[in-house]
Every structure is written in C-alpha cells, then in structure tokens.
Amino acid sequence: MQTDQLSTGILVGLGAALGASLRHMVTLYAGGGDTSAIIAMLVVNMLGCAAMGYFKPGLFWGTGFLGGFTSYSIVAATALEFTMLGALIYMLITFTACIASWLAGDALRGRHA
C-alpha cells in the first residue's frame, strides 16, 4: 500500500511540475503587463478546464498536469489587487468562463464518443 501511495504521489507531482512549467512559459510569453497576465491566466484556466472536460484524464494528466497548468491560487491573489467590486467581477468572469469551458469540453467529448 505504501508503494502505491508513493508512486501515485510521484506521478501526480511530476505532472504538476510539467503543467506549472508550461503555465509559467505561457504567462512569460504573454508579456509582463498586468492586463496581459490576467488575460493569459484566464485563457490558461479555460484551456485546462476544457481539456479536463473533454479528456477526463487520470492522475498524471488530470490531477497532476492540468492541476499544475491551471492556477486558482493566482486568480485569488490577483483578485486582491482589485477593488472589492473589481475582484467580484474578476472572480465571476473567471469561474463562469472556466465552468463553461469544462462544459464545452464535456459536450465535445460526447459528440465524438
């Protein structure tokens, strides 16, 4: 049992490291401006949610890679930089867009099944 848990942890950790690295490269490519970084994170989170809905991946690709690729802690930290109303709008846009992306991925998967 211990070996399975260790193997699972390593598998998820490797996937998360790869996903977080790709996210970092995408945000660097998007530029250093505040607006471009916010848009880049929204796009990354939407892509990750759509991929999760479409592929229904397992531990390495889902929990690990896509979990590391998407980042809701950055969303929360970014929201702190806005006014209260701005943060509320930003969070609503992000969560609505990500849920819609997951549903779109899931619907596409259903069409190709």
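Annotations for the structure displayed:
- Mean separation of Cα contacts under 8 Å (6+ apart) over length of the chain, as relative contact order %: 36
- For region 1-111: accessible area per residue (Å², 1.4 Å): 63
- At the residue level, I93 shows approximately 90 square angstrom of accessible surface with a 1.4 angstrom probe and all protein chains present.
- Carbon and sulfur %, accessible surface of the chain computed with the full protein complex present, 1.4 Å: 74
- With Cα atoms defining each centre, region 11-47 and region 76-94 are spaced 18 Å apart in the structure.
The values are calculated or read from the model by the stated rules, or taken from the named source; none is laboratory data. No experiment lies behind these values; they were computed from the predicted model shown. Note: areas computed on protein heavy atoms with side chains; ligands, DNA, RNA excluded. Shrake-Rupley method; radii C 1.70, N 1.55, O 1.52, S 1.80 Å.
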